[in-house]
Amino acid sequence: MKTMKAPLLILLSVVLGLPSFAATTLKHDEFAGVNLYYKVITPKDYDAGKEYPAVIAFPGGEQTMPMVDGMIARNLKLEAEKRGYIVVVCSATVAGRFYEGGAKVFPAFLDKLLADYKIRGGKFHIAGISNGGLSSFHIAASHPTYFWSVTGFPGYLMNATDERIDALKGMCLNMHVGQLDQAWLDTMQKQSLMFRDKGMKVRFTIERGQGHVMTTLEGAGAARLFDQFDEAMKGCGK
């Protein structure tokens with residue numbers, strides 16, 4: 001049996017009115033002398049003239065491209081497609097992870113995305129797993145005017161000086177940690193309480209029976225992450 005070529009499938013989808021799907025594109029650009037590779041999920045029936053909500057995301061570990069692909073598949077693509085989000089997932093540069101030397105690509109990278117896409121409200125949600133959670137809090141505290149919310153699953157703010165804490169005050173903070181991930185749980189719980197004491201908008205959840213990698217926030221469970229993104233654009237509860 002012969003298989004249809006991709007262009008023919010696309011033509012048939014248009015002619016017959018078959019459903020379209022979100023597209024994932026690999027891109028790269030240079031910022032501050034460093035090459036950054038990243039993947040962009042655009043909504044089905046993407047219209048360059050229309051505004052979309054957007055998420056910047058970072059995987060855990062060494063933040064390599066296989067980690068990017070895993071995060072897209074487990075935590076992001078399903079809900080992004082359902083809700084019409086643009087999602088950008090970054091792979092670490094030769095300068096290091098994004099809470100280290102890799103942070104130098106910001107804020108120029110954010111400005112590039114704002115020029116390339118119509119982002120709702122001119123702000124992003126930023127989220128990450130483990131080292132990606134550390135990266136998210138680090139970038140948000142360094143460039144606070146670009147973000148609605150910060151989500152670490154797990155993740156927290158390192159080098160939590162008064163200035164960096166104050167920078168997060170206008171955002172919705174979401175901190176998720178596994179019940180069995182004791183070291184991260186202790187650190188995140190203490191920091192979430194400190195944020196609350198300062199009147200900040202923080203949601204802290206302990207995922208029952210979960211370790212460092214939380215399957216409760218994968219697949220259908222990722223809807224909770226996107227519910228929080230949606231909520232942040234309307235004002236979030238403490």
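The values are calculated or read from the model by the stated rules, or taken from the named source; none is laboratory data. Source: prediction; values computed, not measured. Glycine gets a Cβ as well: all are built from the backbone with ideal geometry, and neighbour counts include every protein chain shown.
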Please work out which one of (1) part of a helix (DSSP H, G or I); (2) under 18 Å from the mean Cα position of the chain (by Cα); (3) surrounded by 15 or more Cβ atoms within 10 Å (Cβ to Cβ) is the condition Asp227 fails and give its number. (3)
Does at least one position in segment 196-207 carry a residue that is exposed (fewer than 13 other Cβ atoms within 10 Å of the Cβ) and either modelled with pLDDT under 95 or assigned to a strand (DSSP E or B) (or both)? no
Residue tally, condition hydroxyl-bearing (Ser, Thr, Tyr) and either modelled with pLDDT under 95 or surrounded by fewer than 17 Cβ atoms within 10 Å (Cβ to Cβ) (or both), over segment 51-74: 1
Can you confirm whether Met233 is modelled with pLDDT under 95, over 14 Å from Glu79 (Cβ atoms) and either surrounded by 15 or more Cβ atoms within 10 Å (Cβ to Cβ) or among the hydrophobic types (A, V, I, L, M, F, W, C) (or both)? yes
